[in-house]
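Working notes for the structure below.
The values are calculated or read from the model by the stated rules, or taken from the named source; none is laboratory data. Keep in mind the model is a prediction, meaning the values are calculated, not measured. All Cβ positions, even for glycine, are placed from backbone atoms using ideal geometry, and neighbour counts span all protein chains on display.
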Amino acid sequence: MGYEASKTREIMTEDELKLFLGNGIDIGCGLDPIMPTARPFDMDDGDANEITKYVDTKYDYVFSSHCLEHMHNPKNAIKEWWKLVKTNGHLIFTVPDEDLYEQGYFPSLFNYDHKSTFTISKRSSWSDKSHNVLDLVHSLDNHKLIKIELQDLGYKRSSLYHSVYKRDTAYTLVNIARKFSSLFKAFGIRDNIYRGICHTLRLPIEQGHNNAQAQIFIIIKKIEN
């Protein structure tokens, strides 16, 4: 889900953008930091699962876009990230929504490194690796939840096919569709033909490639004891 931070920044309100004043760190930013002044932290800098082994500074804001799903234990990782937040500072992060992104299939058909799926809050999930984001938030000390929002700008729910096939069958069909897509592009045929094939076969499509959003957006403030 490339350049998700930029897509998120584009729809932030003025008040939300003001949270990125001061010193900040962007965990897992790759080539797309949330702000040019944010300290980047990625795999070359250390293990974000245990970030306090590598970073001993506290920040006005800690940001992470689509990194928590790559952590071995999201509950432990987010507590590590929380330690970097100053009092009255903010932890701001996004994760893919399991129903809009994974679409009922796990391991993920679109990103094989995803180790968990996320939902805002459910009693039960189709994913045995599911985490309720609200539970993660409430596990943090001295927190105040400022915002939690499902962001689906540009997402076409008419192209959402949830758990139509068994996972291995879906994996095989999606890879065949990808090969057809590459062939179409090589001959200059537009990608909407590929999407049409997926629609006909009721296959999930990673809509993030078309600038759609399929994520949960969270802002948490660290308050005094």
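Listing for the model above:
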read-out	value
Top-ranked residue of the range 110-130 - restricted to ones that are hydrophobic (A, V, I, L, M, F, W, C) and at pLDDT 95 or above, ranked as surrounded by the most Cβ atoms within 10 Å (Cβ to Cβ)	118
Looking only at the range 208-225, and only at residues there that are crowded, with 23+ Cβ neighbours inside 10 Å and not aliphatic (A, V, I, L, M), the one that is farthest from residue 154 (Cα to Cα)	215
Identity of the residue in the range 145-174, touching a residue at least 12 places away in the same chain (Cβ under 8 Å) and acidic (Asp, Glu), that ends up surrounded by the fewest Cβ atoms within 10 Å (Cβ to Cβ)	149
Complete set of residues in the range 110-137 that are out of contact with any strand residue (DSSP E or B) (no Cβ under 7 Å at 6 or more places or on another chain) and under 16 Å from residue 66 (Cβ atoms)	110, 111, 112, 113, 114, 115, 136
Number of the exception - residue 55 against (1) among the aliphatic types (A, V, I, L, M); (2) within 16 Å of residue 4 (Cα to Cα); (3) free of Cβ contacts under 8 Å to residues at least 40 places away in the same chain	(2)
Strands (runs of 3 or more DSSP E) contained in the range 95-157 and holding at least 3 residues under 27 Å from residue 177 (Cβ atoms)	117-119
Residue in the range 90-125 that is nearest to residue 164 (Cα to Cα), counting only those that are free of Cβ contacts under 8 Å to residues at least 40 places away in the same chain and either among the β-branched types (Val, Ile, Thr) or in contact with a helix residue (DSSP H, G or I) (Cβ under 8 Å, 6 or more places away or on another chain) (or both)	108
Whichever residue in the range 1-38 is farther than 24 Å from residue 54 by Cβ and in contact with a strand residue (DSSP E or B) (Cβ under 8 Å, 6 or more places away or on another chain) and, among such residues, is surrounded by the most Cβ atoms within 10 Å (Cβ to Cβ)	8
Which listed residue, of 196, 104, is more than 25 Å from residue 9 (Cα to Cα) and surrounded by fewer than 17 Cβ atoms within 10 Å (Cβ to Cβ)	196
